[in-house]
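First up is the structure itself, then whatever we jot down about it.
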Amino acid sequence: MDALYLSRLQFALTIAFHYLFPPISIGLGLLLVFMEGMYLKTKNQLYHRMTRFWVKVFGLVFALGVASGIVMEFQFGTNWSTYSRFVGDVFGSALAAEGIFAFFLESGFLAVLLFGWNKVKPRTHFFSTIMVAFGAHFSAVWIVVANSWQQTPAGYHIVETANGARAEIVDFWAMLFNPSTVDRLSHTLMGAWQAGAFFVISVSAWYLIKNKHVDFAKAGLKIALIFAAAASMLQLVTGHSSAVTVSETQPAKLAAMEAHFDEMAPADLYLFGWVNSDNQRVNFGVRIPGMLSFLVYGDSNKPLKGLNAFPEDEHPPVNVVFQAYHIMVAVGMFLILISWLGLVLLWKDKVYKTRWLLWVYVFSVLGPQIANQLGWITAEVGRQPWIVYGLLKTKDAYSPVVSGGQVLTSIILFGFIYLLLFALFVYLLNEKIKNGPELEEKTIEEGHLA
Amino acid sequence: MSLVFDLNTIWFFLVGILLTGYAILDGFDLGIGALHLFAETDHDRRIMLNSIGPIWDGNEVWLVTGGGALFAAFPEVYATAFSGFYMALMLLLFSLIFRAVAIDFRSKQSSKVWRKTWDISFTISSIVASLLIGTALGNVAWGVPLDASHEYAGSFWTLLNPYSLLVGVLVVVLFMMHGALYGILKTEGDLQKKLGKLFRTNFVLFGIGYIVVTIATLLFADNITEHYKSSPALMVFPVINVLLIVNVWWQHHRGKDLAAFLSSCFTILLLMLIFGLGIYPDMLYSNPVAGNTLDIYNAASSQKTLKIMLTIALIGMPFVIMYTSTIFWIFRGKVKLDSSSY
């Protein structure tokens, strides 16, 4: 098998696996700041137990993120050396900044978070929690900047060097705030907040169903529901704004997302369908005529550029992008629905007793994970055949000196270790959830006295 | 030799500092891993593991950031070396991840077979990682075949030449010596005595290895010795290095183990400095066709990017050093097992 195909497969596998964890760290990090802050403010032991429990889970998720993330930092060089030579001047700086600004911050203070309960003052511990959450967000900033530059390159010029053509920075701030950075960053962060919030919702709902740690679970569910409802609603806003930016900066991607083939025509919005790109039709499709044009321009008759406006060898795989995008949107809508329904029931004080909804919540943890993965598939597959939009094609970007056999070997190595890592994650997570939050020493002592 | 303090040179040293930070910090925790099986009881093994518990993943960040900085400042070296050393690098990543799994898995079940399996995994992956790091350094010193378009022209087996493997073994014993000194600081009683013994054995092995590698370098690796031959003033660094190594022994001998450990840290720093001054301004020496060598000029990013990156480093690095030292201060002292331990 050829090295290009296998390198793409390896990248897809390793990044998809890695991306299971950082969104939870980002979302849960933010919730931890809130929980520990509330504990310091109110001295309510419930908040303390919550923080202790979720810090443990956070540590586990973070460790998996680091273990799977090391590969990402090196993979550009190993499998995509031509790409690395071409973008190093621009992309490399964002990646290095992530290391210097975010990774050190996160990993350093995480040690205090996990192992420092008896070694530092409560305020210092809280400060460390803030720093870890801040570091997790900061890491997202730099990596999304780097990726956004691949989508909408800006602030660079192409220079012929002795080693061939490459992109070099001319305007750092234009590179940083390239046309899609802000939209894509806010969309990514909301996805991460949802991942963290629904994670807490899921575990809390499970305890309520099993009638265990009830006070703890009720308090957790309440906080997480409020976060989830807010993040899910904001996600609609950032999603819309991202799509409008895509229409301006990467029209071929938007056209693939909605299977809009006509060169220049008002575009429809599909609720679902199955795209046949050979005859350019959508089978079993249900559509709202003109709705895409309306969403982009506020005018359902205004024409939008379709796929046929681009040469055929610059079309992304339409059905993959279409399906990924539509399922993501559907999941997003579902998350809005269940989180706001939860808020209403919370207000009426019924949510803890609505068993069917609690069961939905137990599985809701999968929602943001699926949507986050599909969102990235839409973004990355939608950019094809380009690795850097309009500048460098994926097929020209891989490492010429690496053979298919070598890549296959590394895929097998990573496949093995990732299965092991995932088994470890599920097993340890299950243990932590089974053990539940610890009872406070104080409460136990009081129990003895009584 | 003449050092020109332009941006390229500054970045050569900054990448060097990150990799040196990695060698010093992950050096002792890889060393603890390599020595792990020498601790016999379950309790002692947990002490070993927890001596690096809060800090090992922070130590690895130095490697990740070093990789990122290399990508940003010298993309040609990043691309050529990482794609050229493909299988070696994949094995390194694999052993680092596997090692992380072993650390996390080990104490989660009380079965003897379970713990033994992960103990062995922890030790083997630590040794393999150290060996690969050392072998990579050896290859950079020795030179690797590059073609006219700066692509790697050898195979995986080219990397396993005797000189590079020798450096690889030297790094393994260096890390074991360094790890033993760290362990002495973190343990008490019999385990501490055992680590003292292990230190002395590895110190001797390291001493022998050091002499052998020095002779081999003088005899065969001309490209990294020429600066020292043309500017004898540079010989001050190898001299300091030898004094530091002697000092490691002496401080340990008179019971000043913290001083011995710090001296060992500086030994690694000097080794990296001697290595860096030796290869400068080359980064990836091409052997046998020296004309295809990647140096700090033909492999670098644009001056503008180097300048931007320098600003980022000047803002970021003081913080990094500040909280790295804070964390080490918070977790100073002997290991005590509690409910949050591995």
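The values are calculated or read from the model by the stated rules, or taken from the named source; none is laboratory data. The structure displayed is predicted, hence computed values, not measured ones. Methodologically, a virtual Cβ is constructed for each residue, glycine included, from the backbone with ideal geometry; neighbour enumeration extends over all protein chains shown.
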### Residue list for region A:1-23, filter: in a helix (DSSP H, G or I) and of a type outside the set (A, V, I, L, M)
A:Y5, A:S7, A:R8, A:Q10, A:F11, A:T14, A:F17, A:H18, A:P22, A:P23
### Query
Can you tell me which residues in region B:32-90 are among the charged types (D, E, K, R), out of contact with any strand residue (DSSP E or B) (no Cβ under 8 Å at 6 or more places or on another chain) and within 9 Å of chain A (Cβ to nearest Cβ)?
B:D57, B:E60
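Can you tell me which of A:R166, A:R184 is of a type in the set (K, R) and out of contact with any Asp or Glu (no Cβ under 7 Å at 6 or more places or on another chain)? Show your work before the answer.
Numbers: A:R166 fails: out of contact with any Asp or Glu (no Cβ under 7 Å at 6 or more places or on another chain).
The unique qualifying residue is A:R184.
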### Output for region A:373-401, where each listed residue is of a type in the set (K, R) and in contact (Cβ under 8 Å) with a residue 24 or more places away in the chain
A:R383, A:K395
### Summary
Taking region B:290-335 and the residues there that are charged (D, E, K, R) and either facing chain A (nearest Cβ under 9 Å) or touching a residue at least 60 places away in the same chain (Cβ under 8 Å) (or both), the one that is farthest from B:I10 (Cα to Cα) would be B:K334
#### Entry: A:V112 vs. criteria surrounded by 24 or more Cβ atoms within 10 Å (Cβ to Cβ), within 13 Å of another protein chain (Cβ to nearest Cβ) and over 29 Å from A:T181 (Cβ atoms)
yes
### Message
Tell me whether region A:158-170 contains one or more residues that are more than 8 Å from every other protein chain (Cβ to nearest Cβ), touching a residue at least 12 places away in the same chain (Cβ under 8 Å) and more than 20 Å from A:S84 (Cβ to Cβ).
### Response
no
### Task
Working only within region A:40-68, note down all residues that are buried (at least 23 other Cβ atoms within 10 Å of the Cβ), more than 30 Å from B:T65 (Cα to Cα) and either out of contact with any Phe, Trp or Tyr (no Cβ under 7 Å at 6 or more places or on another chain) or of a type in the set (A, V, I, L, M) (or both).
A:M50
### Message
Kindly evaluate A:D215 against the criterion of being out of contact with any Leu (no Cβ under 8 Å at 6 or more places or on another chain) and not small (G, A, S).
### Response
no
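Quick grid of which residues meet (1) farther than 19 Å from B:V101 by Cβ; (2) touching a Gly at 6+ places or on another chain (Cβ under 7 Å); (3) more than 7 Å from chain B (Cβ to nearest Cβ):
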residue	(1), (2), (3)
A:Y47	yes, no, yes
A:A63	no, no, no
A:I70	no, no, no
A:F86	yes, no, yes
A:F91	yes, no, yes
A:F103	yes, no, no
A:V120	yes, no, no
### Query
Among the listed residues A:G191, A:G196, which satisfies the condition of being over 28 Å from A:K305 (Cβ atoms), part of a helix (DSSP H, G or I) and either free of Cβ contacts under 8 Å to residues at least 60 places away in the same chain or not basic (K, R) (or both)?
A:G196
### Query
A:V57 is checked against (1) closer than 28 Å to A:F198 by Cβ; (2) of a type outside the set (S, T, Y); (3) facing chain B (nearest Cβ under 7 Å) and fails just one. What number does that condition carry?
(3)
### Message
Just the residues that are surrounded by fewer than 20 Cβ atoms within 10 Å (Cβ to Cβ), assigned to a helix (DSSP H, G or I) and within 11 Å of chain B (Cβ to nearest Cβ), please, taken from region A:391-409.
### Response
A:G405, A:T409
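Which one of these is at pLDDT below 90, out of contact with any strand residue (DSSP E or B) (no Cβ under 7 Å at 6 or more places or on another chain), part of a helix (DSSP H, G or I) and hydroxyl-bearing (S, T, Y): B:S325, B:S339, B:S264?
B:S325
A quick yes/no check of all residues on (1) buried (at least 22 other Cβ atoms within 10 Å of the Cβ); (2) within 8 Å of chain B (Cβ to nearest Cβ); (3) in contact with a helix residue (DSSP H, G or I) (Cβ under 8 Å, 6 or more places away or on another chain); (4) assigned to a helix (DSSP H, G or I):
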residue: A:S25; (1), (2), (3), (4): yes, no, yes, yes
residue: A:M38; (1), (2), (3), (4): no, no, yes, yes
residue: A:Y83; (1), (2), (3), (4): yes, no, yes, yes
residue: A:S107; (1), (2), (3), (4): yes, yes, yes, yes
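Among the listed residues A:F11, A:F34, A:F21, A:F17, identify the single one that is more than 8 Å from chain B (Cβ to nearest Cβ), among the aromatic types (F, W, Y) and touching a Phe, Trp or Tyr at 6+ places or on another chain (Cβ under 6 Å). Give the steps one after another, and end with the answer.
Numbers: A:F11 fails: touching a Phe, Trp or Tyr at 6+ places or on another chain (Cβ under 6 Å); A:F34 fails: touching a Phe, Trp or Tyr at 6+ places or on another chain (Cβ under 6 Å); A:F21 fails: touching a Phe, Trp or Tyr at 6+ places or on another chain (Cβ under 6 Å).
Just a single option satisfies the conditions, and that option is A:F17.
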### Query
Among the residues of region B:268-288, is there at least one that is buried (at least 19 other Cβ atoms within 10 Å of the Cβ), hydrophobic (A, V, I, L, M, F, W, C) and farther than 24 Å from B:A141 by Cβ?
no
### Residue, nearest to A:A192 (Cα to Cα), within region A:208-241, restricted to residues that are hydroxyl-bearing (S, T, Y) and surrounded by fewer than 21 Cβ atoms within 10 Å (Cβ to Cβ)
A:T238
### Task
Would you point out which residue out of A:K210, A:K222 is under 30 Å from A:K56 (Cβ atoms) and without any contact (Cβ under 8 Å) to a residue 12 or more places away in the chain?
A:K210
### Message
Which of the numbered conditions does B:S107 fail, given that it passes all the others? Conditions: (1) more than 26 Å from A:T82 (Cβ to Cβ); (2) buried (at least 23 other Cβ atoms within 10 Å of the Cβ); (3) among the hydroxyl-bearing types (S, T, Y).
### Response
(2)
### Query
Has region B:263-273 got at least one residue that is under 30 Å from B:G31 (Cα atoms), among the small types (G, A, S), away from chain A (no Cβ under 14 Å) and more than 19 Å from the chain's Cα centre (by Cα)?
no
### Task
From (1) over 30 Å from B:A148 (Cα atoms); (2) crowded, with 21+ Cβ neighbours inside 10 Å, pick out the condition that doesn't hold for B:T311.
(2)
#### Entry: Condition broken by A:F74, with the remaining ones in (1) in a helix (DSSP H, G or I); (2) touching a residue at least 60 places away in the same chain (Cβ under 8 Å); (3) within 11 Å of chain B (Cβ to nearest Cβ) satisfied
(2)
### Message
I'm trying to understand the selection: among the residues of region B:25-59, which are surrounded by fewer than 20 Cβ atoms within 10 Å (Cβ to Cβ) and closer than 19 Å to B:S126 by Cβ?
### Response
B:L37, B:F38, B:E40, B:D42, B:D44, B:R46
